[in-house]
Amino acid sequence: MATDNSGSSPTNEKLIFALQNDLKTLSLETKKKHGFVKDACEEAIAKIRGAQASPNCMAYITNQALYPVIQGCDTKDPKIVKLCLHSIQKLITGGYVDVKGARSIYETVVVLLENGIEEIKVLQIVTLLLTTNNIVKGDILAKCLVLCFRLHCSKDITTAHAAGATVRQLVSLVFERIDKDSPVTDVELSPEATDAYSLFQDLIFLVNGEKPVWLVGISEMFRSFGLELLETVLYRFPFVFVKYDKFGLLLKERVCAMVIKLFSPNAKFKATQAQQGQTAAGDLLLDKPFYPTSVRLLRIVDILINKYYTLLVTECEIFLSLLVRFLDPDKPTWQRCLALEVLHKLITSPQHLSKFCRSYDLKPHATNICKDMVNALGAYVQSVFANPIGAMAVSLSTPTTGNAPNSNVTTNPANGPTSCANDASTIGFYFRGSLVPLVQVYQPSTPKPQLMELTDKQEPPNFATSESYGVAISFACLSDFVLSLVHIDKEIQDGQQEEAEVLKQLLSSSWPGLLAALNLLLEASIDDSITESICERLVDLATLSGKCSLQQCREATVLSLCVATLPPHYGYAVLKGTIGHGESPHPISYSEMDNGKQQVVHVGTSVVPSLALPPSLQSTPVMLTKKNLLVTHSVLRLCLESGAILLTSWLTVLTTLQHLCWVCACRAVATIVKLPVLNSTTSGFSTGVSELSVTSSSEKLASRKSFKSTNGAVGSSGGVMGVVVDFVSCLSQGVMRLIETSVALDDVSLHHVINALTNLSQEAMEIAYSNREPSLFAVAKLLEIGLVNLDRVEIYWRPLTNHLLEVCRHPHIRMREWGSEAITYLVRSALLHEDTEDEKVHQLLLSPLCELSSIPHNDVRNKQLMALSQILHCKGDKLKSSWPLAINILGDIYDNHSEGLVRTAFQCLQLVVTDYLPVLPCGCIPHAIDTVAKFARQKQELNVALSAIGLTWNIADFLYQNRARILENLTPDISVFPDFPGVSEIPQFDRLWLGIYQRLGELCIDERPAVRKSSGQTLFSTISAHSAILNRFSWDSVMWQVLFPLLEAVETSWKNASCLVLSGIAKIFSVKRQSLLEIKDFPKAWFFFLQFMQNGAMSNNEEVSLAALKSFQESLVAPQDFVGKEPEEMWTRSWLVYCDIGRKVICDHGAHQHFLTAYVTIFQYLFPALKLKLTLEDISAVNKVFSKSLLVPLTAEGASSIIFSSSENGITPLQDQIYNAYDILINETDGSPQLKVLLPPVIVQLIDFGAHAVRHSANVKVIPLEGVVPNCMEFGVKCLKRSLSVLERICTEKFILESDMFCHCLKSFRPILSSRFQNAEGSWRECASQFFLAVPLMVERKPKSPEFWDELAKCAQDFLFFTGNGEWMTKKAWKDEKMDVRMVTLLKELVFTNDGFLPAPFLIEVVKIFHRGSCINEYDGINVSEREEFVRFCFSSLLEFVLKGPSNVSEIVEMQSGDDGKKIAVLALLQRFQNILLNYKDYVNHNSHIPIQRHRLAEMNFVLRAIASLIENLKAADPTRVAGGTWEHIIGIYPDLVAIVGLPGVDTSISVALRDALMAYRDLLQRPPEAKFKN
């Protein structure tokens, strides 16, 4: 309704504008035939325009606009009426129509209806008039309703349906006008309430066939329509009947009476009357219930009970009794189904059940309505199963047809549930050979009535004529009854304690019938979902009975469930002795059970060995069906969710689970990381407690998804296997969850569980004594129960652990294994879980673990140690006074223990030493050291022994870092290690150290090499790192009572261990020099140690000898602060030992590379201290040893070491150390001039090392091999350079000139120079370069020794010419002519720069060298082309010697001959040249058709160039030095040269050389003056 009456609001402006347009349109339509309407429209438009601006004008405008519109309706012209009705709707919608206008509109529409005009439009206008505002009341309202009722009876179907809908809307509208919040007065009702009361009363009159009082004008009404309107009012407006007493009285007196009256035909009619032919047809029709009326009546009854129970308590009792009577077998099927639907709706409401129980069942003399309902439901189910009707039950022995009902149910809105014929997937029940299909499946507590919703049907649908639908509803009723009880229980838990009495009464009165019906349904069920639903209800029933302390109900229900989990003829025999009341009052009828429709999913080979089973069943195969698996799931859920209420029923449940685990091939398996769990041999599934969680009731549907399978039979073996795997998985997880939920049990319930498991375990132990395989289920569950209840360990500890200890002593290995596993795991878990500091609690928890030590089995001992390990890991810092006990357990190791046992015990000890030493009492430290030594001495596990040795370092490090605190706590009453013999001044704290050293020393002579090595390393590392705190008395004990006895022991017993001991003692002598010098007999100790080192160095064992040398070296190294403070006899004795080792080992026997390197290295430490005392003999001895060491062939180890240790410059470690040794010696001479006398043998030795370089350089690019001398190329070159620098520095010294050192140097150089022919790729070039630098230095001193010059000539010859026998190893050296020319140049310079000083024999040798070089092809058989430059240079040098050299050179040339007897004179050369020319000419003439050989071309080229060079030198020479006949011979060659010019195929190089030779004759073509020539 509009709130703003002015015309200025936007809404009103739109309305006014629309009205003006409508009036204009109406004016145009009526201006021809209906002028009065046109005039009225124009007048109204003018008034509207005038009043539009005034306030509160909308009511006026509405009235002015309504007048011409009503006049237009009076014309009855369809077009005009339609326009007018449209405008009326706008005016009504605007909300400004008053009472007068409403009456005018009503009168107008009445006229239109009387003329049959626009009936639908009239209904819309009436609806708008009543719904837009409340101005229509009283008689006008009644007339409007009567108008709609009349139209509902119209023959036009559309109009009738529209009117019916309008009536329904308007009836509700009348009641909606009543203000729910308005106060109630006792005087009279409000106008709205009065209208509603009158309407409701007339509706009752009309239903009863009486005349109405307020709705005057209605003569008749359909009864079903009236009941529908009453139902609507009762359902939607219950507050009206509660608020106003008149309405309540009307309800109680008239409505209930009407319902009871109309129920009379339904209650009296019996289905058998229809089949009695003697009954009159008229009477039958009179008493037969009418389906539509019955549906509406039951809907009203449902509403009355649900919404008006407090007003109609007595009447509701009558209604409920009638509903129960409707379930009698003699009633029509559809009527029974209708009653079941109503009961289903009531039962799903816990509030109604509570009300019914309070009002009836709890009353002394009232009817037990709830009990009657449950019994009636059960009786209905039993009646259907007892007398199956052919239309609804199908025999399994008869082939099914298309008309047979089955399980694939769909819902048809019109006809209700329908089914598809497919017997392979039937949902329903099978009992005594008959199949009862389930045509409808209901969700829990969700009623979905089918018949009550079919209100438009005149006859019951087909599905309502079959008892199958009734069975479905009754099954839902029984299930939802239990669910309602569950809901009541939840209300009790929420604080509504008044409901406890109600719940107990409902259970007490209904459980026998309820359990009987559910057992029957469970027995007959052939569908998984139905079976699961029944099991859930049985679980809920057992839970509720337990909460209400109804022991008999609880035990009977639990027994029913557990028996259903096991196969027939087996489960009851096993479980009947587990309840306290004997047999169940409603036992399963095994004779009637049939597995014909049940799928067998698992066949067990045997049953659990049990004392309750007769021998005939002990080995009988056991079959589990799918139903057994589903029931098992429910049993597990019962235990998980309601374990606290089971009490004595735990024995039944746990016995059942044990048998199921055995039948399904589940076995208990032990694991260290996780808890013992059930492991399926089929699926391999296992899980730990930590991986499972308790599923709450709200999660049960989700948890069952993995367990459910498709309805019906599984068609393949793979599907069956999937079901079994899922079941075994769920069984394993469910049992684990069951154990987890025990944490929520009270102490009494927990003891019931433990007592039940103990009984099962005792039975298993009795069976195991007869050597039969026992079930370990009970032991495993006892362990898990203990683990999850550690928060109250004192409650159950003694009974549980006492039984487990009894199991540990069982002779059966499996029982013992599980008993020990359980008790050890439980003890360590309890200790790790318990946070109390009470030592009594610790003793309580540790006592079972300690008792295990008395069991002599390794497996028990192993589990004991594993438990202790975890305790130490997690709670070692809180053991306090329990530490001695823990260490005693660890030290209880014997030779018969296995390796694994030793490892486990040692891990615990390792943890103690590494992490818990700070918390150990001081009195436990010696005990810990002895225990560590005991583990090091054990022979079972080597790795443990080695690790135990390492633990001593941890102990030593702890003592060193915490010495202050330990000294404070070491009171005299604390006993540590005993006194050491001979020394009484050792402090108590030092005895701890000496105890460690002594234990390590004892281990150093162990028979195992690894133990000896590890203990030795630890011993000496500990002494080096921590011995600074020892006093001198303690040091004396360390040396003479620990170290030297150890050294003697390893030398005599274990040679290999002596390496480590020598090295360790050497390090002590080096690092602890200051402390050792304080010992009074230090020299004695040093000599004693040197003797051991010398013996070790001379040992045949390479490892021992090398270690001795390294120890020797290390012992010589001292801190800088103590250099020079040692006794002199220490170094003298050391030098003697050093020389003795080199002489006896290296020179006499040889050694490997590491030994040699170590030996040479020692020289660097000895020489600085002894340099002023060494003589030339000492240096010579050292040279001999060093030189010998370079020639020692490689061993396999030495070759590999050179590969990985050689420096980048190609020098091996040995060579590097030798060079460093000589470098140190040479450098020391700078600061001490008196040491220069030691240099000559050093220089010679260095040059000799260069000879090693070229002598053994063949393998320079080859990987070092075994048996080969190492390459010395780089080393030799380096030594040569170093020797040259030293020679240059001291060559002027007098003692050098007086000695024959130069001659020795040349002798050393000679093999270097001759090596070029053996190895062209070697380092001879660099070595020869050093020779070219050294010779001038030595010649400059003008040595007088003939031996020197003889060696110099031999060096040149060996360098230039191959003097060996056989073929040359390589000819590549000929190609390095620069070095050859350099040697010739050196000789030529010596001759020309030292004229008169050089001895004649030397000059003769030089001339021979030049002559041989110029005639190389004749002497050596080499083509001239290979050394052409060298030959030319030798030839020119020879000519220069002859023509320009010293005066006696020509005579020497003329007198001496070459090595081949030929003259060396120039004339002889010219003759040989002429012969070569002639031979060449003859060869070319005879072989012009083939190419000239290369060596002939090279030879010819050399001859032509030699002729040219000879002519030029003769021209420039002194004529007196030219032999007679020389020029004539030269001129005689000229014709031979000219003859070559015309030869065919002359090479270009020959042509050029020939041209140069002919050009040399230019000065000889005419005779020169007489003065210039002499013949």
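The values are calculated or read from the model by the stated rules, or taken from the named source; none is laboratory data. Note that the structure is a prediction, hence the values are computed from the model and not measured. Here Cβ is always computed from backbone atoms with ideal geometry, including for glycine, and neighbour counts include all displayed protein chains. Calculation scope for accessible area: heavy atoms of the full protein, side chains included, ligands and nucleic acids excluded. Shrake-Rupley method; radii C 1.70, N 1.55, O 1.52, S 1.80 Å.
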- prompt: If r is the Cβ-Cβ distance from residue 1172 to residue 943 and R0 is 56 Å, what FRET efficiency results, to the nearest 0.05?
  reply: 0.55
statement: Of every hundred units of 1.4 Å-probe accessible area on the range 788-926, the number belonging to carbon and sulfur atoms, as a percent, is 49 percent
query: Taking only protein heavy atoms and a 1.4 Å probe, what accessible area per residue, in Å², does the range 998-1055 have with all protein chains in place?
result: 38 Å²
statement: The extension gain from residue 850 to residue 443, computed as 0.36 nm times the residue separation minus the Cα-Cα distance, is 140.7 nm
query: Rounded, prolate or oblate: which fits the range 83-209 when a ≥ b ≥ c are the square roots of the eigenvalues of the alpha-carbon gyration tensor, with rounded for a/c under 1.5 and prolate only if a/b beats b/c?
result: oblate
- request: Would you mind calculating the gained length between residue 358 and residue 1002 on full extension (0.36 nm times residue separation, minus the Cα-Cα distance), in nm to one decimal?
  value: 222.7 nm
query: What full-extension length gain, to one decimal in nm, is calculated for residue 494 and residue 33 as 0.36 nm per residue of separation minus the Cα-Cα distance?
result: 158.0 nm
task: Based on the mean of other Cβ atoms within 10 Å per residue, sort peptides 373-380, 853-860, 20-27 so the most packed one is first.
output: 373-380, 20-27, 853-860
message: Using the basic label-point model (7 angstrom from Cα toward the beta carbon), what is the residue 963 to residue 318 distance in nanometres?
response: 10.9 nm
- line: Mean accessible area per residue over the range 745-827 (1.4 angstrom probe, all protein chains present, square angstrom) is 34 Å²
task: With a 10 Å radius around each residue's Cβ, average the other Cβ atoms per peptide and rank 782-795, 542-555, highest first.
output: 542-555, 782-795
- line: Spelling it out for residue 625: with amide H atoms placed in the peptide plane at 1.01 Å from N, the residues 5 or more places away or on another chain with amide H under 5 Å from its amide H are 601
- prompt: Given labels modelled 7 Å from the Cα in the Cβ direction, how far is it in nm from residue 42 to residue 772?
  reply: 12.0 nm
- line: Ordering 931-938, 811-818, 1242-1249 by per-residue average of other C-beta atoms within 10 angstrom, highest first, gives 1242-1249, 931-938, 811-818
message: Between the range 738-801 and the range 1132-1187, what is the separation of their alpha carbon centroids in Å?
response: 81 Å
statement: Counting only protein heavy atoms and rolling a 1.4 Å probe, one gets per residue an accessible area for the range 877-966 in Å² of 40 Å²
Carbon + sulfur, % of accessible area of the range 475-558 - ligands and nucleic acids excluded, 1.4 Å: 44 percent
- line: For the range 17-88, the accessible surface attributable to carbon and sulfur atoms (probe 1.4 angstrom, ligands and nucleic acids excluded) amounts in percent to 55 percent
- request: Note down the nm distance, to one decimal, between modelled labels 7 Å out along Cα→Cβ at residue 898 and at residue 1087.
  value: 5.9 nm
query: Summing +1 for each Lys or Arg and -1 for each Asp or Glu, what net charge is found among the other residues whose Cβ lies under 12 Å from the Cβ of residue 652?
result: +1
statement: Sorted by chain and number, the residues with a modelled amide H under 5 Å from that of residue 435, at a separation of 5 or more or across chains, are 394, 395, 396
statement: With a 27 Å threshold on alpha-carbon distance, the violating pairs from 82/155; 90/137; 934/1110; 490/781; 243/363; 243/490 are 934/1110; 490/781; 243/363; 243/490
task: Work out the FRET efficiency for residue 365 and residue 508 from their Cβ-Cβ distance, taking R0 = 22 Å, and round it to the nearest 0.05.
output: 0.80
